[in-house]
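The values are calculated or read from the model by the stated rules, or taken from the named source; none is laboratory data. Predicted model only: the values in this text are computed from it and were never measured. Note that we place each Cβ from the backbone using ideal geometry, even for glycine, and neighbour counts take in every protein chain shown.
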Amino acid sequence: MRGFLAAVAVSVLGFAAPPAQAETLADALASAYKNSQLLDQNEALLRAADEDVAQAVARLRPVVSFVAQAQNTQTTPDLATDGLQSTLSLAAQWTLFDFGRNRLGVEIAKETVLATREALKGLESQVLLSAVSAFVDVRLQAEIVALRQSNVRLITQELRAAQDRFEVGEVTRTDVAIAEARLAAARSGLAAAQGDFQVARERYRAVVGDYPGNLAGLPPLPATARSMEEARMIALRTNSSILQAQRQVTVAQLGTEAAKAATRPSIDLNASISQGLDEDVRRDSLSLSFNQTLYAGGSLSSAYRAALAQKEAAEANLLQTTITVGENVGNAWTALEVAAASIQAGALQVQAAQTAFDGVREEATLGARTTLDVLNAEQELLDARNTRLQAEAQRYVGVYTLLSQMGLLTVEHLNLGVPTYDPSVYYNAVKNAPATSTQGKRLQRILDKIDN
């Protein structure tokens, strides 16, 4: 419904192209939302839940049926009633009073719809978080490929320098062999990084809907909360899992009332009109019936006990969901603090490793350091840069993870500016169980748009 709204050798320099031509994070989020088959699937499930409301409403109305019957009878010779007899009948049946069973069914269906809407919001958050993670991962893997390429170039230079010094007798064959081994390891690391980049591109395509092109830089991070406790309080009000669990508790409570009402009597109105085609006599009937189940083998009592157990389970699930969400918020907040500390330490580590590498290489030219010392210093610098990049990516995704746990990772909250699925449109079209009417025609137009 929202669908209409190259290889490893891709140069990393492409990510630094003019931003006017770049694909932004907002573009990726919008594409992921519009192209998500998971959201399409669950929007359809929500419309099915909307129809449950319509069916529950229909149970409050009379049922009218038409029957055409032809009967051939053979009798004894002294009776004259044999032959073919045809009858047309129109019958209506309407439950006038049932201690609220049918109305409780309507309320249960409505609460189920609201719970399903919350589940859809949770899936929307998952889709958007996956898009953020995929976008950041593609950029991260591209930067790691660039680091690995630089590492290969530098070790290649060190190998040539070692070979030159070996030819003039300044170093032994061992130094050359060490450089050759490191170069082979660097090329292996580059191949692995290129493979990770390819994997990231495939994941991006699966999440966003197409391969990444020229990705823009990461935009400023959205605001979250000022403290862990504030984040938890927001999550208690807006997290879709908690809101869904609350609706499920209401459904279970209504279910116990419906199970209790099922043990009580009902009063039905029955009316019929029948006309025999072979006679001029029309038979009309109107009756009231009082129905009370006296014994059902214990099934009604069992259903009530089961409803009570379901209510207890739903209440326990709500409490557990609240605990889990609080834990997830705390974990997300802690992960952000760890990532921030890692970034700070990583910056110092890169600075120190760069200074050490420059010094070791300069000392090596004077004969005070070996080729192995230079290669070790370069490896430490590479590791420091890689660690810092990982921490920066972790912190960026971590902010959106916290937003997701708070229940704020939505298209509306992020102001993506794309048309969103409005669940009330279909619900309002079917909630009164239209058959053929102006509402029914409007509903058909909605279905046609969905199919297209």
Could you grab the pairs with beta carbons closer than 7 Å, sequence gap of 6+ or different chains, first residue in the range 281-309 and part of a loop (DSSP other than H, G, I, E, B), second one of a type outside the set (Ser, Thr, Tyr)? Gln292/Pro265; Thr293/Leu300
Only one residue in Thr401, Thr355 is in a helix (DSSP H, G or I) and under 30 Å from Arg47 (Cα atoms). Which one? Thr401
Search the range 182-219 for residues being of a type in the set (Phe, Trp, Tyr) and surrounded by 17 or more Cβ atoms within 10 Å (Cβ to Cβ), and hand back the single one that is nearest to Lys34 (Cα to Cα). Tyr204
Criterion (touching a Gly at 6+ places or on another chain (Cβ under 9 Å), closer than 24 Å to Leu154 by Cβ and assigned to a helix (DSSP H, G or I)) met by exactly one of Ala384, Ala347: Ala384
Counting only residues that are touching a helix residue (DSSP H, G or I) at 6+ places or on another chain (Cβ under 6 Å) and surrounded by fewer than 17 Cβ atoms within 10 Å (Cβ to Cβ), how many does the range 357-379 have? 2
What is the one condition in (1) under 25 Å from Leu147 (Cα atoms); (2) among the basic types (Lys, Arg); (3) over 22 Å from the mean Cα position of the chain (by Cα) that Arg201 does not satisfy? (3)
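Can you tell me which of Glu362, Glu380, Glu392 is under 20 Å from Ala335 (Cα atoms), more than 19 Å from the chain's Cα centre (by Cα) and acidic (Asp, Glu)?
Result: Glu392 is the single residue among Glu362, Glu380, Glu392 that is under 20 Å from Ala335 (Cα atoms), more than 19 Å from the chain's Cα centre (by Cα) and acidic (Asp, Glu).
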Could you count how many residues in the range 18-73 are assigned to a strand (DSSP E or B) and over 31 Å from the mean Cα position of the chain (by Cα)? 11
Would you confirm whether or not the range 313-329 contains a residue that is surrounded by fewer than 17 Cβ atoms within 10 Å (Cβ to Cβ), assigned to a helix (DSSP H, G or I) and modelled with pLDDT under 95? no
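For every residue, the table says whether it meets (1) of a type in the set (Asp, Glu); (2) modelled with pLDDT of 95 or more; (3) within 25 Å of Val325 (Cα to Cα); (4) not in a helix (DSSP H, G or I).
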residue	(1), (2), (3), (4)
Glu180	yes, no, no, no
Ser188	no, yes, no, no
Ala192	no, yes, no, no
Gln198	no, yes, no, no
Ala206	no, yes, no, no
Ala225	no, no, yes, yes
Arg232	no, yes, yes, no
Ser241	no, yes, yes, no
